[in-house]
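This report refers to the structure that appears directly beneath it.
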Amino acid sequence: MKDKNKRALIVLTALLCPLTILPANAQEIVAVLSSQSPYYLEAFNSFQDAIGRPVESFDIEKAPFVISAATKVVVTFGGKAAAREYQTGTRIVSCMAPAVELSRSNYADRYFIPMSPHPGRLLSKLQVVQPELKSLVIFWISESMREYLRQMRKDAASLGITLTEVRLKNADELPERLRGMPGTIDAIFFPPDPLLVNVQTFGTVRDFSEQNHVPFYAPTEALVGKGATASVSSSFESMGRGAARMTSRLLNGETVGRTAYPEEIRLAVNLKAADRAGLKITPEMQAKADKVFP
């Protein structure tokens, strides 16, 4: 009787055990984070919520990890995670990776969720703050910015804006190039270029903006709080949801474009900085902003 009960217990355990593990398709998706940065975690949590089930995740700054051969899509958050080598045939959705340089052999399986909104939508939002915007200077360094600026140039022409693109060899060149700026420019824009944006370059352009009454548009809302005139940016939650949409479409076998811009964008304005830059922000303009710094 005991043997019969024991066999029954073994059978019951075998039947129940599969119910306690992750679904069979859970390993189809794996997330890799560059660090435990709250920004990456915010985007990852939004991604996981949109997927609708737990997603296994790894942090490259912690212990080494191995991704299962059954994985079909790896979703990376941040440049370090995106720059890693992954097994051939796995599709990589890179989120929040502004400076990833890829070999042609790796590019075929790569898809991107940019940190910035679509260039046309970004420029249209800037014209809400500065309706007379006709001449915009953009500083940049990273090669990864080239394609984004190409699209921005195209969209700017349709909006009647002339872009002046100033590529620097390094961030130390910025003060000298600023001194050579013509007095006819309407505004300065920093893209989310990690080789360009730092405490020193931000402070340099912010001071130039105030002294020369030229609006300074930054890539993030946080920099508006520190004294930039305004920003048009995508939220980290929106980036995560965008990565989830692309991942789901890839798993469903749909044809998707190489790049999918986040759908939601935010306009932030700093009233003091705008005033110092000679820009009048009306109550109507404020009403169209998602964040207003006094």
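Of the helices (runs of 4 or more DSSP H) lying entirely inside the stretch 227-294, those containing at least 1 residues that are modelled with pLDDT of 95 or more and farther than 30 Å from Asp186 by Cβ are 236-251. Check off (1) of a type in the set (Gly, Ala, Ser); (2) more than 25 Å from Asp275 (Cα to Cα); (3) buried (at least 18 other Cβ atoms within 10 Å of the Cβ) for Ala171 and give me the number that stays unchecked. Of the numbered conditions (1) of a type in the set (Gly, Ala, Ser); (2) more than 25 Å from Asp275 (Cα to Cα); (3) buried (at least 18 other Cβ atoms within 10 Å of the Cβ), the odd one out for Ala171 is (3).
Looking at Ala244, Ala268, can you tell me which residue is closer than 26 Å to Glu28 by Cβ and touching a Gly at 6+ places or on another chain (Cβ under 9 Å)?
Ala244
Quick one: would you say Phe44 is crowded, with 23+ Cβ neighbours inside 10 Å, modelled with pLDDT of 95 or more and closer than 18 Å to Leu251 by Cβ? Criteria met by Phe44.
Looking across the stretch 182-215, the residues that are within 20 Å of the chain's Cα centre (by Cα) and under 19 Å from Leu123 (Cα atoms) come down to Phe189, Phe190, Pro191, Pro192, Asp193.
The values are calculated or read from the model by the stated rules, or taken from the named source; none is laboratory data. Predicted model, so just to flag it, every value in this text is computed and none were measured. Reconstructed Cβ throughout: ideal geometry from the backbone, glycine too, with neighbour counts over all protein chains shown.
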